[in-house]
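Q: What follows is a single structure, and I will ask about it in a moment.
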Amino acid sequence: MTLPSLTNWPALRVADWTPTRDTLHMWTQIVGKIRMAHAPLVNHWWQVTLYVSPRGLTTSAVPYRGGAFEIEFDLVGHRLEVRGSDGGSRGFPLRPMTVAEFYTRTLDALGRLGIEAPIRPHPNEVDPAIPFAEDHEHASYDAEAATLFWRQLLQANRVMGEFRSHFVGKVSPVHFFWGGMDLACTRFSGRSAPPHPGGAPNCGDWVMVEGYSRELSSCGFWPGGGEEGAFYSYAYPAPAGFADQPVGPEGAYYSTEFQQFLLPYEVARAAPDPDRAVAEFLRTTYEAAADQGHWDRPALEDDPLRWAGA
């Protein structure tokens, strides 16, 4: 398979790949839960996420006994690959199959490598939450759409990574949360936050309490909120006047439905300079949160080129 130029922002209408999106969502939940079973807790659940890789999405190295293993969705070659630090590897092709079959095949691949996977076999943050072993409803896999989604993530990951580099306070990696199926990066003011009320479907409120235990401004991309997905930005707790702040670029707006700023992906993709459009959205929505929330911005921000030429 020959890929188009990766400098392009690809078009992918959500309506054209929803069955595949929903199936892939459940598959990533299974793999993410396997990482969660073996990685020690990191604040805000940062240990459970997946990461954009040069070929898809990966767990990165997951500690296991005296070594480590990795699970990667290869969305270019369309395989699930499990690799161990002892040199062992197993995998299988990604093709249309039920969540139940994917779950069985993933556990089998791990078992053949001697890796146990004690996970709670139910999805989170969705309703209904069909147990993985019983999910014969989600069974779609459009390989071309999966690759296009990865290319969307690749572009988002790159621009969000550059945005992240301007912040020297506490800031998350750019990482993929399989609960909401979104790529996210979160900046923190350094102050504590009021307990989150929870309310996510099939997800304990205590999960959200940990995730939102500190005052934050979070941005990301997910395959919803627009015809081709959307970039988002929100604050917790949202300071007074946050929703009324002017943000850019043209086409960005505050969604009362989602309680956050949105920039439809198709608006960014069609801009003369998509990188600049997304960067403007990330910067101006963060400034809305930080300025209205009275963050100590001089102490939290710096020029990522400050050592250039040194």
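Taken together, the values in this text are just the output of simple stated rules run on the coordinates, not laboratory data. Source: prediction; values computed, not measured. Every residue, glycine among them, receives a Cβ derived from its backbone with ideal geometry; neighbour counts consider all protein chains shown.
Q: Taking amide H positions as placed in the peptide plane 1.01 Å from N, state which residues far from Asp182 in sequence (5 or more) or on other chains have amide H under 5 Å from it.
A: Amide H neighbours of Asp182, under 5 Å, 5+ apart: Phe177.
Q: Right, another one. Using alpha-carbon positions, what is the distance between the centroids of region 51-115 and region 233-309, in Å?
A: Between the Cα centres of region 51-115 and region 233-309 lies a distance of 35 Å.
Q: Given the peptides 179-190, 225-236, 157-168, 36-47, arrange them by the average over their residues of other C-beta atoms within 10 Å, most packed first.
A: Taking the mean over residues of other Cβ atoms within 10 Å, the ranking is 225-236, 179-190, 157-168, 36-47.
Q: Under the classification rounded if a/c is under 1.5, otherwise prolate if a/b is larger than b/c and oblate if not, where does region 169-228 fall, given a ≥ b ≥ c as square roots of the Cα gyration tensor eigenvalues?
A: Here region 169-228 falls in the oblate category.
Q: Along region 118-133, what does the Karplus equation 6.51 cos²θ - 1.76 cosθ + 1.60 (θ = phi - 60°) give for ³J(HN,Hα), rounded to whole Hz, x for Gly and Pro?
A: x, 10, 7, x, 10, x, 10, 6, 9, 8, x, 9, 6, x, 3, 5
Q: State to the nearest 20 debye the size of the charge dipole of region 6-112 about its Cα centre, where the only charges are +1 on K and R beta carbons and -1 on D and E beta carbons.
A: With only Lys, Arg, Asp and Glu charged at Cβ, the dipole is about 60 debye.
Q: Any idea how far apart Leu113 and Ala310 come out in nm if each label point goes 7 Å out from Cα toward Cβ?
A: Modelled inter-label distance: 3.8 nm.
Q: Counting other beta carbons within 10 Å of each Cβ, put Val48, Val278, Val209 in order, fewest first.
A: The fewest-first ordering by Cβ neighbours comes to Val209, Val48, Val278.
Q: Rounded, prolate or oblate: which fits region 201-310 when a ≥ b ≥ c are the square roots of the eigenvalues of the alpha-carbon gyration tensor, with rounded for a/c under 1.5 and prolate only if a/b beats b/c?
A: Oblate, because a/c is 1.5 or more while a/b does not exceed b/c.
Q: Determine Rg/Rh for region 1-111; Rg is computed over alpha-carbon atoms and Rh is the Kirkwood hydrodynamic estimate from the same atoms.
A: Result for region 1-111 is an Rg/Rh of 0.98.
Q: Can you tally the net charge around Ile34? Count Lys and Arg as +1, Asp and Glu as -1, for every other residue whose Cβ sits under 14 Å from the Cβ of Ile34.
A: With Lys, Arg at +1 and Asp, Glu at -1, the neighbours total +1.
Q: Still on this structure, please answer the following. Pull up all non-local amide H partners of Asp135: gap of 5 or more, or a different chain, and H-to-H distance under 5 Å with H placed in the peptide plane.
A: Under 5 Å from the amide H of Asp135 lie the amide H atoms of Ala100, each far enough along the sequence or on another chain.
Q: What ranking of Cys203, Cys219 emerges when the number of other C-beta atoms within 10 Å of each C-beta is taken as an exposure proxy, fewest first?
A: Cys203, Cys219
Q: Helix 14-38 against the longest principal axis of the chain: what's the angle in degrees, Cα atoms only, rounded to the nearest 10?
A: 80 degrees
Q: How do 116-122, 302-308 rank on mean C-beta neighbours within 10 Å, highest first?
A: 116-122, 302-308
Q: Students often check this: by mean Cβ neighbours within 10 Å, which of 239-252, 54-67 ranks highest, and how do the rest follow?
A: 54-67, 239-252
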